Structures are given as structure tokens and as C-alpha cells.
Amino acid sequence: MKKHTITGNVSIIRNFYLKELGRKRKIWIYLPPEYEKSSERYPVLYMHDGQNIFDEYTSFCGEWKVDEILEDLYEKNTGKKVIIVAVDNGKKERLNEYSPWKSEINSYRIKRQGGLGDKYTDSIVYSLKPFIDKNYRTLKEDNGIMGSSMGGLISLYASLKYPEIFKRVGVLSPAFWFAKKHFLNFIDKYDSEKDIKIFFYAGEKESEEDGLSEKYKNDTSEFADILRKKGFDNINILFDKNGIHNESAWSQHFKEIFLWLYE
């Protein structure tokens, strides 16, 4: 039986209106342990699939344990203090919202999904971020974005669309296969600021479906190499030979990815 596992100062906004998307969404906000006693301002890391970030009870298949990891880093004085803002996914709308393009996959589960990624990304930039910056002590210019699977796809896209905003990017087990040709075409035409730190991760056992694990790894390598050739010189990449496609694997590597992004 699943139980609540929230640790530290995590609050919830239950019906935050994402104007550009035209939908309400639950928002989770983690504050550093010292926040109430300090006047310090903090970087903000935006994350997707908020149900899975802090609480086993609401998670799909286990939680990332971001709150526990950051609390431990704080106690050991070994990590950057940040505010985490995690946005719940839209459940049946998840695939639609996490890709700017319609899927290229001819599958009954996926066919014709996608296409709302621009509105979702815009809603973080124009609705959510101004609210967070107004109501919390943030470093307005120091923002990151991180997600897994489709959340990895939309995280990289958001950072390329808004490079002046999202300068620290975690791209875990990215589902580039969902709209790979569209994304590569977007990057091919891309010419903007390159001062972004990007950490790519993929497991080598992402899926039991024939060839899909290899596709995750190869696509991740391909995107990283293309961005390097485009002038992105602050890229890290990690492959886990035992990594599978779930929250437990992403939780296992969150600390390493976070510390590199915020070193």
C-alpha cells in the first residue's frame, strides 16, 4: 500500500491556471530548509510529472525522492540550495502537452497525439514563472528545467525555445522517437544563444520492446552530438547499463545530474 512520503517544506497549489494552455494544474513547490529564516534568493528548477517528484502516494510508479535528496545535500552542506517547482502532468493529455509536434508514430496508443507543447511551455514561462518570481524569493535569471521520457523531450525543447530563461537542463530517458524528425528539423534551423548546461541520461534497459532500449540510447547520443556541433560545449551525458524506464532509475541519478547542473 502506497503512503505519503513528502519530506521538508513542500507546499501545493491545487488549481493553478495555466493561461496559455487554458487548463488548471496542480503545482508542487519545494523550498530550501532555511527559506523561512533567510532573506536569500534562490535559483528555480522547473520539473514535469509533478505527481512523481516528491510523494510516493501520488506517483505512477514510485517517486524521484527529490525532496529527500535535497534535504540530505543541505544537511551535508554539499549541494546548491534551490526552489523546485513541479507541474502535474495532464494524465490523458500528457502526450499532447509534452510535444510541440504531432507524433510520427503510427500506433493506436500514440497516433495523432502531441502538438500542445508550445502552449504548455509558454504557460510555464508566461503564467507560472511570473507567479513564482512574485511570490517567492527567486533569482529570476537562474532557472532550470528537467524531466524524463516525454518530459525530457519537452525540457530540451523549452530550453532551446527560451535559452535566455532555462540555462540548466536535465534530459532523462528522452522519448525523442515520438517526434524525432520534427525535433531534428527544429534544431537544424536553430541559431541562438548557446550558454546552456545540458545533462543527458539514458538507460540501456529502457524497454523490453525490441530495439527500443537501443533507440533511447542512440537518439540521446545523436541529439547530444548534434548540439555539440551547433556550438553547445557544456554538455554531459551518462548511460546506465542497468537503467530502466522508471522513476527509481531517474531518482538514482538525480543527485549526480543536479550537482553537475548546479556546481
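At-a-glance table
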read-out	value
Subset tally (residues that are out of contact with any Lys or Arg (no Cβ under 9 Å at 6 or more places or on another chain) and within 19 Å of D118 (Cα to Cα)) for the stretch 6-22	1
Candidates V125, V85 - the one that is in a helix (DSSP H, G or I) and either out of contact with any Pro (no Cβ under 9 Å at 6 or more places or on another chain) or among the small types (G, A, S) (or both)	V125
Qualifying residues in the stretch 55-91 (those that are under 26 Å from F131 (Cα atoms) and free of Cβ contacts under 8 Å to residues at least 24 places away in the same chain) - the one surrounded by the fewest Cβ atoms within 10 Å (Cβ to Cβ)	K91
Any hit, the stretch 136-159, residues being in a helix (DSSP H, G or I), in contact with a His (Cβ under 9 Å, 6 or more places away or on another chain), under 27 Å from I29 (Cα atoms) and of a type outside the set (G, A, S)	yes
Looking only at the stretch 49-79, and only at residues there that are in contact with a strand residue (DSSP E or B) (Cβ under 7 Å, 6 or more places away or on another chain) and outside any helix (DSSP H, G or I), the one that is nearest to L18 (Cα to Cα)	D49
Subset of the stretch 14-28 (residues that are surrounded by 16 or more Cβ atoms within 10 Å (Cβ to Cβ) and not basic (K, R))	F16, L18, E20, L21, I27, W28
Residues being under 16 Å from A224 (Cβ atoms), charged (D, E, K, R) and either part of a loop (DSSP other than H, G, I, E, B) or in contact (Cβ under 8 Å) with a residue 60 or more places away in the chain (or both) - total across the stretch 169-192	1
Only listed residue being under 25 Å from K129 (Cα atoms) and within 18 Å of the chain's Cα centre (by Cα), chosen from A158, A224, A179	A158
Considering residues of the stretch 29-54 that are closer than 23 Å to E164 by Cα and not aliphatic (A, V, I, L, M) only, the residue surrounded by the most Cβ atoms within 10 Å (Cβ to Cβ)	H48
Meets criteria (at pLDDT 95 or above, out of contact with any Leu (no Cβ under 7 Å at 6 or more places or on another chain), within 18 Å of W250 (Cα to Cα) and not in a loop (DSSP other than H, G, I, E, B)) for Y46	yes
Contacts under 6 angstrom Cβ, first residue in the stretch 10-21 being free of Cβ contacts under 8 Å to residues at least 40 places away in the same chain, partner surrounded by 17 or more Cβ atoms within 10 Å (Cβ to Cβ), 6 or more apart	S11/I29; I12/W28; I13/I27
Residue match in the stretch 196-219 (condition: closer than 19 Å to I257 by Cα, assigned to a helix (DSSP H, G or I) and in contact with a Gly (Cβ under 9 Å, 6 or more places away or on another chain))	yes
Exclusive hit being under 18 Å from N96 (Cα atoms), of a type in the set (S, T, Y) and out of contact with any strand residue (DSSP E or B) (no Cβ under 7 Å at 6 or more places or on another chain), set S155, S149	S149
Filtered residues of the stretch 129-159 (kept if hydrophobic (A, V, I, L, M, F, W, C) and surrounded by fewer than 22 Cβ atoms within 10 Å (Cβ to Cβ))	F131, I132, L139
Flag if K161 is farther than 19 Å from E104 by Cβ and of a type outside the set (G, A, S)	yes
Every residue from the stretch 193-211 that is surrounded by fewer than 13 Cβ atoms within 10 Å (Cβ to Cβ), at negative phi and either in contact (Cβ under 8 Å) with a residue 12 or more places away in the chain or not acidic (D, E) (or both)	E193, D195
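The values are calculated or read from the model by the stated rules, or taken from the named source; none is laboratory data. Here the structure is a predicted model, which means the values were calculated and not measured. Don't worry about glycine lacking a Cβ; one is built from the backbone with ideal geometry, like all the others, and counts go over all protein chains shown.
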